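Undergrad: Can you keep this structure in mind? I'll have questions shortly.
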Amino acid sequence: MGPIHQEEHMAINKSDFTEKVDTGLKADKTYTQFYCRFKIEGKEFSRLFDYTDKNWDKRTRVAKAKADMLEFKDASQKKHNEISIGFDEDSTLNKVAEAYFEKESSKTNWTQERKDAYRLYLLDTIGKKKIKSIRLHDINTIRTAMEAQGHTKQTKNGCSPRTIKKVLIQTLKPIMQYAYDNKVISDIPKIELSKHYAKANKAKKRIVTDAGVKLATLYKVIMETYDEDPFYRALFLFALYGRRWGEIKTFSWDDIYFSKNIYRIKEENNKIGEEQFFELPEPIREALEQIDDNRQGLVFKSPITGKTLSTPKRQLAKIKELSNIPELTMHYFRHILVSAMGELGTASTILSASLGHTNLNTVNQFYLSANYKKASEITNQTIKQITNEV
């Protein structure tokens, strides 16, 4: 017969337990019954261990009581975690991910991108595996598979370093960190890009050469090509002035404050989950004012469906050809802008804030106030200087 376990709400006379054995553990005078009591985040747990039917000496009974108390503590912690956060060490990665996205992540387009990345590459590969059982081997297997093949025609020969980074570093790692912070797992497997892809990704981030010339060329091409098309003129100027495509396509007319000469990026439409305001550059303002629209809903909505516009591939191809910048993408506009401003010695704090970043490891107290508007004013003046002089 094993030890008798009784909860505190059952008939237990605490005064019978006068002999202290360990923190939270006491014995009666005969050392045959032991009573433990402890708290987890304010909630009390207790249990009685009864060894009166055991032919053990005192030393064995004490050792057994300590072991049973530790086991009870672990089980109580596990139960408490499952109730309070919705998962424990035996929960699957899918269960933990569900809690992470629901409770820890802001409701932004960036969160949705990471949810999509999880669904495509993690849900069916290691999603059903217990969170405590995920090992470095599992992560390396996923990374190797992604390097060999993706889910689209464009990635049939392997995902880009950026996609792999999004899946492993920006999606899986914070989910594992969430489990660790909630004391469900004791450590996190090493999650990183392979050395080959890390080097490729680093090379991809090199400063653009002749960035000032390229920025001025793009500005001229945009202004001339879309002289009578303010819709695409405004769209590509927003890209030239540092806005992400995900921000551009979600602009609503109520985000444009013509009277104050500023524009807003809603918190759900940027990566940091924070409402941001930027100065409205004069060339973009003029283009927006010329757009023939009822000024309801999206600014850059599809002329066919009236819904969110797809990436303007045809128009982008035209700009590539006219500017002779074949590597141009909607995101590459940002690389050109940063490099061009860097050539002029613009402080990194201004560059970070003008692009809408809040990386506190690379910016100083000026940026802690998230002064996006001030940074964008400096950026706009710099672009004006470059496009006028080059």
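Read-outs: derived from the displayed coordinates by stated rules, not from any lab. Computed from a predicted structure; not experimentally measured. Reconstructed Cβ throughout: ideal geometry from the backbone, glycine too, with neighbour counts over all protein chains shown.
Undergrad: At 25 °C and 0.890 mPa s, what whole-number value in µm²/s does Stokes-Einstein give for the translational diffusion of region 204-339, with Rh from the Kirkwood sum over Cα pairs? If you can, show how the numbers build up before the last one.
TA: Numbers: Rh = 15.4 Å.
Approximately 159 µm²/s, per Stokes-Einstein.
Undergrad: Give the whole-number value, in cubic angstrom per residue, of the convex hull volume spanned by the C-alpha atoms of region 93-204. Show your work: numbers first, answer last.
TA: On the way: hull volume 11.6 nm³, N = 112.
So the per-residue Cα hull volume is 104 Å³.
Undergrad: Enumerate the calculated ³J(HN,Hα) couplings along region 224-233 in order (Karplus 6.51 cos²θ - 1.76 cosθ + 1.60, θ = phi - 60°), each rounded to whole Hz, writing x wherever the residue is Gly or Pro.
TA: Calculated HN-Hα couplings, in order: 7, 5, 10, 4, 10, 10, x, 4, 6, 5 Hz.
Undergrad: Restrict the search to region 8-88; then list the trypsin sites (Lys or Arg not before Pro) that DSSP places in a loop and that have at most 12 other Cβ atoms within 10 Å of their Cβ. Kindly include the intermediate steps, with their values, before the conclusion.
TA: Details: sites: LYS14, LYS20, LYS26, LYS29, ARG37, LYS39, LYS43, ARG47, LYS54, LYS58, ARG59, ARG61, LYS64, LYS66, LYS73, LYS78, LYS79; in loops: LYS29, LYS54.
For trypsin sites (Lys or Arg not before Pro) across region 8-88 that sit outside H, G, I, E and B with at most 12 neighbouring Cβ atoms in 10 Å, the list reads LYS29.
Undergrad: Nearest 20 debye, what's the magnitude of the dipole of region 1-150 about its Cα centre given +1 on Lys and Arg Cβ and -1 on Asp and Glu Cβ? Mind showing how you got there, number by number?
TA: Details: 29 positive and 26 negative charges, 57 e Å.
The dipole magnitude comes to about 280 debye.
Undergrad: May I ask you to compute the full-extension gain from ASN157 to LYS132, defined as 0.36 nm times their residue separation minus their alpha-carbon distance, rounded to one decimal in nm? All intermediate terms of the calculation are to be shown ahead of the outcome.
TA: On the way: separation 25, 0.36 × 25 = 9.00 nm, distance 3.22 nm.
Using 0.36 nm per residue and subtracting the Cα-Cα distance, I get 5.8 nm.
Undergrad: For GLU71 and LEU123, FRET efficiency with R0 = 41 Å and r from the beta-carbon atoms, rounded to 0.05?
TA: On the way: r = 34 Å, r/R0 = 0.83.
Plugging the Cβ-Cβ distance into 1/(1 + (r/R0)^6) gives 0.75.
Undergrad: What distance in nm separates the simple spin-label points at LYS43 and GLN149, each placed 7 Å from Cα in the Cβ direction?
TA: Spacing of the two 7 Å Cα→Cβ label points: 4.6 nm.
Undergrad: Please compute, for the alpha-carbon atoms of region 4-85, the extent along each of the three principal axes and give them in descending order in Å.
TA: Largest to smallest, the principal-axis extents are 42, 23, 21 Å.
Undergrad: Could you compute the longest span of the chain free of chymotrypsin sites (Phe, Trp or Tyr not before Pro) located in DSSP loops and having at most 15 other Cβ atoms within 10 Å, not counting the site residues? Show your work: numbers first, answer last.
TA: On the way: sites that count: TRP56, PHE258.
Answer - 57-257.
Undergrad: Tell me which label goes with the value of mean projected area of the Cα convex hull in nm² computed from the coordinates here: (1) 26.1; (2) 27.2; (3) 52.6.
TA: (2)
Undergrad: Loop only by DSSP, 14 or fewer other Cβ within 10 Å of the Cβ. Give me the trypsin sites (Lys or Arg not before Pro) in region 262-328 that pass, ordered by residue number.
TA: Numbers: sites: ARG264, LYS266, LYS271, ARG285, ARG295, LYS301, LYS307, LYS313, ARG314, LYS318, LYS320; in loops: LYS266, LYS271, ARG295, LYS307.
Loop-located and lightly packed - ARG295, LYS307.
Undergrad: So between ASN294 and ASP90, what do we pick up on full extension, going 0.36 nm a residue minus the alpha carbon distance? Don't jump to the answer; show the numbers that get you there.
TA: Working: separation 204, 0.36 × 204 = 73.44 nm, distance 5.47 nm.
That pair, ASN294 and ASP90, stretches by 68.0 nm at full extension.
Undergrad: Related question: Just report the Cα centroid separation between region 145-184 and region 242-296, whole Å.
TA: With region 145-184 and region 242-296 each reduced to a Cα centre, they are spaced 31 Å.
Undergrad: Magnitude of the Cβ-charge dipole of region 93-204, K/R +1 and D/E -1, about the Cα centre, nearest 20 debye?
TA: Numbers: 24 positive and 11 negative charges, 57 e Å.
The calculation lands at about 280 debye.
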